[in-house]
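Since the structure comes first, as structure tokens, the remarks are kept for the end.
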Amino acid sequence: MTQHPYSNLPENAFWKTAISTRHPMDIADLARPIVLSRQDRIATAGSCFAQHIGNNLAARGAAFMDLEPGPTGWSPEVLREHGFGVYSCRYGNIYSTRQLLQLATEAIGGGPLRHEVWLRDGRAFDAFRPSVDPVGHDSAEDILRLREAHIAAVRRLFCELDVFVFTLGLTEAWEHRVTGQVYPAAPGTIAGSHDPDEVGFVNFRYSDVMSDLQAFWALLKAADPGDARRAGPGPWRWHAARRLVGQRVPDLGRRLRHHQPPRGRGLG
């Protein structure tokens, strides 16, 4: 048989042999579970997979952080439709590492964004979390006031959490050509308008993603030097690829204390 880069990898490096062709009770050697205490303050962010992690941890009595709870009297369905109780703060889906770094820079890195307000049918939306307000707000002033309160909550989250679970969703984003700021949705989809001369599509490479994660890690350690946390990947087919690039992909939500990831490698 012809040799190729995947030839000598073990069965647990491939989705088919590790997951899809096995009975659920036979799945093994894919993770190293960690022990959490009920006192560990756990925060989540990222793709939709992180929603399920947070909800299940909270249902099992974990100290899940929710620093932007919704109004009383609203049904659970309406609260979630407006971005409450989905993640630890009301930032909506954070699909890319660049978006995560951007948020952390605004909250704890001393680098405010060039705030943008999108419009739709006369209503105002926060360009960096447009989906959390389905009907928008009356004015740009309302958006900026709400964002100030939101960033204060995110700052508190990053300074107080013990465990941070971040699921990586996409390498793709829409980026402002001048500022380099990224959006969770393309302008014109939820609100705003698309100008191809102003905003362009970007697909981040491995080096971009790793650089963003390392910069985010540094911001977290600066915010709370006594405790470092680990981000985790989404549940997709990274098994074989992660071995080939020489990177041990971080275990989901695993916490590291007093450890700095080496340059050019994974966080573990």
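Every read-out reported here was derived from the displayed coordinates using simple, explicitly stated rules and does not represent laboratory data. Since this is a predicted model, take the numbers as computed values, not measurements.
When the Debye formula is applied to the Cα atoms of segment 1-152, each taken as the same point scatterer, what base-10 log of I(q)/I(0) results at q = 0.12 Å⁻¹?
Listed by q, the Debye log ratios stand at -0.70.
So how many Å³ per residue does the convex hull of the Cα atoms of segment 75-154 work out to?
Convex hull of Cα atoms, per residue: 98 Å³.
Give me the base-10 log of I(q)/I(0) for segment 1-88 at each q in 0.13, 0.17 Å⁻¹, Debye formula, one uniform scatterer per Cα, rounded to two decimals.
Rounded to two decimals, the profile gives -0.66, -0.86.
For segment 38-244, divide the Cα radius of gyration by the Kirkwood radius and give the resulting Rg/Rh value with two decimals.
Rg divided by Rh gives 0.95.
For segment 23-34, just list the computed ³J(HN,Hα) in residue order, Karplus coefficients 6.51, -1.76 and 1.60, θ = phi - 60°, integers in Hz, with x standing in for Gly and Pro.
Ordered by residue, 3J(HN,Hα) equals 5, x, 6, 9, 5, 8, 6, 10, 8, 10, x, 10 Hz.
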